Amino acid sequence: MSAARESCLARDARDIQRFAAETDVLVVGLGAAGAAATIEARAAGARVMAVERASGGGGTSAMSGGVLYLGGGTPVQKECGFEDSAEDMYKYLIASVGPTPDEAKIALYSEGSLEHFHWVTDCGVPFKAVFYPGYSGEPPNEDGLVYSGNEQVYPFCEIARPAPRGHVPRIPGQAGGLLMQHLLATTEKTGAELHFDTRCTALVQHADGSVAGAVLRSGDREISVRARRGVVLTTGGFINNRDMIERYAPLLLRCKFRVGAEGDDGSGIALGMAVGGAAIHMEQGSVSLPIHPPKEISKGILVNAQGQRFVAEDSYFGRLGEHILYHQQGHAYWVLDDATFVRPDVPREVAGVGNTWAELEAELMLPTGSLESSVALYNRHAANGRDPLFHKRAAYLTPLTRPPFGAFDCTTDNSLFAAFTLGGLSTDADGRVRDASDAAIPGLYAAGRATSGIAAPGYSSGLSLGDGTFFGRRAGRAAASA
């Protein structure tokens, strides 16, 4: 970011002759994290102004599947017959979101997950206590609980007792709209001052580095607002800012589908950086290979450009996508025989067909003998219900022996991958934005995808809405009590 750009995003408080308005807490962005921050800041007794650049609240949260990653023995989990604990949730997250998990945040999130579930339902969000056995994401019906990560996949299933933690609001298909409908209704009931079609164009900073407020623009009108206790940035990620993607996460440009609202342009991250905030894990993204449902496709094998397997095929589609993009240079094929052949729900091109493995190998232009040897090794062990290389579950292990043999194109260049950013402002457990030396910037808080959340990398569906609302609440409370 250029110095000129940064100077535009930060204003010296000494240059503000008079603040046009005052509030205790100013929340910038009204998606799930912003709504949570607003609700909690008001509950703590603070006067709150929340601004949103769009004509209504919701943002990417409203466009999402609505899955919240929650556990520790929620009523929905119990009614569906699953046992879970904060300890198992913690162990799974610590293992899955490497390589440098934020242990303090994960501990708080796991320990507070049950209480947070009740907070969500107190906001009116409904859940149907029925488990959907389909793999990941939001179900096509009203079922309210899914496996939304790698809980059942090796090695995670041996590290922590598996339990489904994807809680989905009660509506068929994408549930983000219903989630935001209730969060926004609760926000309005708090009496917070809400302004739409209003952008935050700069943060106002005292000479000592503390944040005093912000400059807002609505139409042609620009005003400065004093935030006596703090500003909370909840503006989303930066998947729709090509310049930022090219600078920080260029590999994500290879993914054809960008998951995010127009407002996911990194504006809040840039604001925080302009006043000294550190941005971390900016190279990381959630990268999904939409290959299942149906789950049965996991009976096939996924091979790279060398014709070799590299991950358990029954993994969460986010893990598959991350492995392909970050570790296989975006090059992979999903291989099946005639007995196991099914088409994924998301259309995917057939990259090659052959009556022998050698013919398919040649069509895919893989090294001679590579696919043949990979399949031979796989088949020998699959016949005994084993996968010594990657420990795929027995339910998806079957020898691939019936021709013709085929492969779906799972390359990033020629097929659909979905991506959004995981990097953002560095924050402590109460949402205080930190500088490069980990010191908090007084008066500045952040939550949601504008921050580097729990998962960076190692995403499970529901962590964006889960940790966004959880730490949004903490940021709102911390700002209100400053």
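The values are calculated or read from the model by the stated rules, or taken from the named source; none is laboratory data. Here the structure is a predicted model, which means the values were calculated and not measured. Because the Cβ atoms are built from the backbone with ideal geometry, glycine has one as well, and the counts that use them run over all protein chains shown.
Could you say whether any residue in segment 150-160 is within 23 Å of residue 471 (Cα to Cα), out of contact with any helix residue (DSSP H, G or I) (no Cβ under 6 Å at 6 or more places or on another chain) and not acidic (Asp, Glu)?
The answer is no, given that none of the residues of segment 150-160 is within 23 Å of residue 471 (Cα to Cα), out of contact with any helix residue (DSSP H, G or I) (no Cβ under 6 Å at 6 or more places or on another chain) and not acidic (Asp, Glu).
Enumerate the pairs (first residue in segment 184-212 and on the phi < 0 side of the Ramachandran plot and outside any strand (DSSP E or B); second residue anywhere and surrounded by fewer than 19 Cβ atoms within 10 Å (Cβ to Cβ) and hydroxyl-bearing (Ser, Thr, Tyr)) with beta-carbon separation below 6 Å, excluding pairs fewer than 6 apart on the same chain, so at least 6 apart or on different chains.
Hits for this filter: 196/55; 198/218.
Taking segment 363-407 on its own, how many of its residues are under 16 Å from residue 332 (Cβ atoms), polar (S, T, N, Q) and surrounded by fewer than 19 Cβ atoms within 10 Å (Cβ to Cβ)?
1
Look through segment 19-38, keep the residues that are in contact with a Ser or Thr (Cβ under 7 Å, 6 or more places away or on another chain) and surrounded by fewer than 24 Cβ atoms within 10 Å (Cβ to Cβ), and return whichever of them is nearest to residue 482 (Cα to Cα).
Looking only at segment 19-38, we keep the residues that are in contact with a Ser or Thr (Cβ under 7 Å, 6 or more places away or on another chain), and these are 19-20, 27-29, 31-38.
From what is left, the residues that are surrounded by fewer than 24 Cβ atoms within 10 Å (Cβ to Cβ) are 19-20.
Working: 19: 20, 20: 22 Å.
My answer is 19.
What is the number of the single condition among (1) without any contact (Cβ under 8 Å) to a residue 24 or more places away in the chain; (2) in the same structural domain as residue 184 (by TED's automatic domain parsing) that residue 46 does not meet?
Among (1) without any contact (Cβ under 8 Å) to a residue 24 or more places away in the chain; (2) in the same structural domain as residue 184 (by TED's automatic domain parsing), the lone unmet condition for residue 46 is (1).
Consider residue 314 carefully, then state whether it is farther than 19 Å from residue 414 by Cα, surrounded by 22 or more Cβ atoms within 10 Å (Cβ to Cβ) and over 17 Å from the mean Cα position of the chain (by Cα).
Criteria met by residue 314.
Does residue 430 meet the test of being under 21 Å from residue 187 (Cα atoms), outside any helix (DSSP H, G or I) and not hydroxyl-bearing (Ser, Thr, Tyr)? Give the steps one after another, and end with the answer.
On the way: under 21 Å from residue 187 (Cα atoms): yes; outside any helix (DSSP H, G or I): yes; not hydroxyl-bearing (Ser, Thr, Tyr): yes.
Taking the combined requirement at face value, the residue satisfies it.
Among the residues of segment 408-438, count how many are more than 22 Å from the chain's Cα centre (by Cα), among the aliphatic types (A, V, I, L, M) and surrounded by 22 or more Cβ atoms within 10 Å (Cβ to Cβ).
0
For residue 240, only one of the following conditions fails: (1) free of Cβ contacts under 8 Å to residues at least 60 places away in the same chain; (2) in a loop (DSSP other than H, G, I, E, B); (3) of a type outside the set (Val, Ile, Thr); (4) out of contact with any Asp or Glu (no Cβ under 9 Å at 6 or more places or on another chain). What is its number?
So residue 240 meets the others, but not (4).
Inside segment 294-350, can you point out the residues that are in contact with a Gly (Cβ under 7 Å, 6 or more places away or on another chain) and either assigned by TED's automatic domain parsing to the domain that holds residue 460 or of a type in the set (Asp, Glu) (or both)?
Selection gives 313 alone.
Please pick out the residue among 211, 259, 287 that is surrounded by fewer than 23 Cβ atoms within 10 Å (Cβ to Cβ), in contact with a strand residue (DSSP E or B) (Cβ under 7 Å, 6 or more places away or on another chain) and of a type in the set (A, V, I, L, M).
Of the residues listed, the single one that is surrounded by fewer than 23 Cβ atoms within 10 Å (Cβ to Cβ), in contact with a strand residue (DSSP E or B) (Cβ under 7 Å, 6 or more places away or on another chain) and of a type in the set (A, V, I, L, M) is 259.
How about segment 243-269: which of its residues are assigned to a helix (DSSP H, G or I) and of a type in the set (Val, Ile, Thr)? It would help to see each step written out before you state the result.
At the first step, the residues of segment 243-269 found to be assigned to a helix (DSSP H, G or I) are 243-248, 250-254, 267-269.
If the condition is that a residue be assigned to a helix (DSSP H, G or I) and of a type in the set (Val, Ile, Thr), then 245, 269 are the ones that fit.
Among the residues of segment 125-184, write down those that are of a type in the set (Asp, Glu), within 17 Å of the chain's Cα centre (by Cα) and closer than 14 Å to residue 91 by Cα.
151
Results for (1) assigned to a loop (DSSP other than H, G, I, E, B); (2) at pLDDT 95 or above; (3) basic (Lys, Arg), shown as yes or no for each residue.
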residue: 81; (1), (2), (3): yes, yes, no
residue: 106; (1), (2), (3): no, yes, no
residue: 136; (1), (2), (3): yes, no, no
residue: 144; (1), (2), (3): no, yes, no
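Yes or no: residue 53 touching a residue at least 40 places away in the same chain (Cβ under 8 Å) and outside any helix (DSSP H, G or I)?
Against the criterion (touching a residue at least 40 places away in the same chain (Cβ under 8 Å) and outside any helix (DSSP H, G or I)), residue 53 qualifies.
Under 6 Å by Cβ, and 6 or more places apart or on different chains, what pairs join a residue from segment 215-228 that is in the same structural domain as residue 9 (by TED's automatic domain parsing) with one that is of a type outside the set (Asp, Glu) and not in a strand (DSSP E or B)?
Filtered contacts from segment 215-228: 216/198; 218/198; 223/20; 224/16; 224/19; 224/20; 226/19.
Please state which of the following conditions residue 88 fails to meet, knowing it meets all the rest: (1) buried (at least 20 other Cβ atoms within 10 Å of the Cβ); (2) farther than 29 Å from residue 276 by Cβ; (3) in contact with a helix residue (DSSP H, G or I) (Cβ under 8 Å, 6 or more places away or on another chain).
(3)
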